[in-house]
Amino acid sequence: MLSLKNLLEEKGYYRIKLKYTETNHFELTAKINKIEGNFILDTGASSSCVGFDAVSHFKLLAEDSEVRAAGAGATNMLTQIAQQNTLEIMGWKKKKIDLVLFDLRHVNEALVSHKAKKVHGIIGADLLKKGKAVIDYKNKVLYLR
């Protein structure tokens, strides 16, 4: 019988180790436009996002958006959008990725108060769906194809 790892790798999935944090989140490293950053994996976030303070870090072209964000204890937050980006996670790569930009200070304050590292952004359900994601919670591994 094939293990989950062998089965998914045979089907062309990339295996990405996740770090489990003190705040009960999975954390991973990703590159946006070839620039590395720290991200939380959040299956409940409909869109992948980057904090306003990381726009220059990733060299994003921010455009105004009429969409309001909600989540992580905050509502009705102003957003911007950065379109046509490249995202790479441990060899898995997607082009033409749109990212929501908003104020992640409340998220980072909560992380720091629990002795976790700040993040540049959140990998959400939009990218997980594009990558046909499988999460192996027991082994702390994300598979993307």
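Candidates 47, 3: the one that is touching a helix residue (DSSP H, G or I) at 6+ places or on another chain (Cβ under 6 Å), modelled with pLDDT under 95 and hydroxyl-bearing (Ser, Thr, Tyr) is 47. For segment 93-108, the set of residues classified as assigned to a helix (DSSP H, G or I) and of a type in the set (Val, Ile, Thr) consists of 107 only. Quick one: what pairs do we get from segment 59-72, first residue over 23 Å from residue 86 (Cα atoms), second modelled with pLDDT under 65 and surrounded by fewer than 13 Cβ atoms within 10 Å (Cβ to Cβ), C-beta under 7 Å, 6+ apart or different chains? The qualifying pairs are 68/76; 70/76. If you check 56, 47 for being open to solvent by 40 Å² or more (accessible area, probe 1.4 Å), polar (S, T, N, Q) and touching a residue at least 24 places away in the same chain (Cβ under 8 Å), only one passes: 47.
Within segment 85-100, is even one residue surrounded by 14 or more Cβ atoms within 10 Å (Cβ to Cβ), farther than 25 Å from residue 134 by Cβ and at pLDDT 95 or above? Checked segment 85-100: no residue is surrounded by 14 or more Cβ atoms within 10 Å (Cβ to Cβ), farther than 25 Å from residue 134 by Cβ and at pLDDT 95 or above.
Considering segment 123-138, the residues that are in a loop (DSSP other than H, G, I, E, B) and either touching a Cys at 6+ places or on another chain (Cβ under 8 Å) or more than 16 Å from residue 96 (Cα to Cα) (or both) include one that is most open to solvent (accessible area, probe 1.4 Å), namely 138.
The values are calculated or read from the model by the stated rules, or taken from the named source; none is laboratory data. Note that this is a predicted model, so its numbers are computed, not measured. With ideal geometry, Cβ positions are generated from the backbone for all residues, glycine too; neighbour counts draw on all protein chains shown. Heads up: the accessible areas ignore ligands, DNA and RNA and are worked out on the full protein's heavy atoms, side chains in. Shrake-Rupley method; radii C 1.70, N 1.55, O 1.52, S 1.80 Å.
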